[in-house]
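The values are calculated or read from the model by the stated rules, or taken from the named source; none is laboratory data. Please read these numbers as outputs of a predicted model, since none were measured by experiment. Positions of Cβ are generated from backbone atoms using ideal geometry, with glycine treated the same way; all protein chains shown enter the neighbour counts.
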């Protein structure tokens, strides 16, 4: 069954896997749509907040920055990110994101398979 959702009608929540100041809006995943292969959400890092470094054995991740500035840390490499930046993260790559700017860092986040993300 298809699903239509307005992102502005979904509340931001703070997932356990992120540090304080990081929030997400789950738009599509197995918990709210008939998908087996996809986790699609918006992520919002407040100024100074970050995700802790981690990796996934199977999941591929994509981040697409729509607002703000920060750093993507990929296997220790610190890469500046800003609106229009897309970051693809294959399995087993240690990664983190830090909001280094003065405004919220908002990104589209996609993961597959989704079962590894709450």
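Looking at residue 39, is it touching a helix residue (DSSP H, G or I) at 6+ places or on another chain (Cβ under 7 Å) and surrounded by 15 or more Cβ atoms within 10 Å (Cβ to Cβ)?
Numbers: touching a helix residue (DSSP H, G or I) at 6+ places or on another chain (Cβ under 7 Å): yes; surrounded by 15 or more Cβ atoms within 10 Å (Cβ to Cβ): yes.
Judged against the criteria, residue 39 is a match.
What about residue 114, is it loosely packed, with under 13 Cβ neighbours inside 10 Å and touching a strand residue (DSSP E or B) at 6+ places or on another chain (Cβ under 7 Å)?
Details: loosely packed, with under 13 Cβ neighbours inside 10 Å: no; touching a strand residue (DSSP E or B) at 6+ places or on another chain (Cβ under 7 Å): yes.
Against the criterion (loosely packed, with under 13 Cβ neighbours inside 10 Å and touching a strand residue (DSSP E or B) at 6+ places or on another chain (Cβ under 7 Å)), residue 114 does not qualify.
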Within segment 1-18, count every residue that is surrounded by 14 or more Cβ atoms within 10 Å (Cβ to Cβ) and either at pLDDT below 90 or part of a helix (DSSP H, G or I) (or both).
2
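Kindly indicate whether any position in segment 57-78 is in contact (Cβ under 8 Å) with a residue 60 or more places away in the chain and either out of contact with any helix residue (DSSP H, G or I) (no Cβ under 8 Å at 6 or more places or on another chain) or surrounded by 11 or more Cβ atoms within 10 Å (Cβ to Cβ) (or both).
Within segment 57-78, the first condition is being in contact (Cβ under 8 Å) with a residue 60 or more places away in the chain, and the residues that meet it are none.
Among the residues of segment 57-78, not one is in contact (Cβ under 8 Å) with a residue 60 or more places away in the chain and either out of contact with any helix residue (DSSP H, G or I) (no Cβ under 8 Å at 6 or more places or on another chain) or surrounded by 11 or more Cβ atoms within 10 Å (Cβ to Cβ) (or both), which makes the answer no.
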State which residue is nearest to residue 97 (Cα to Cα) when the search covers only segment 23-47 and only residues that are assigned to a strand (DSSP E or B) and touching a residue at least 60 places away in the same chain (Cβ under 8 Å).
45
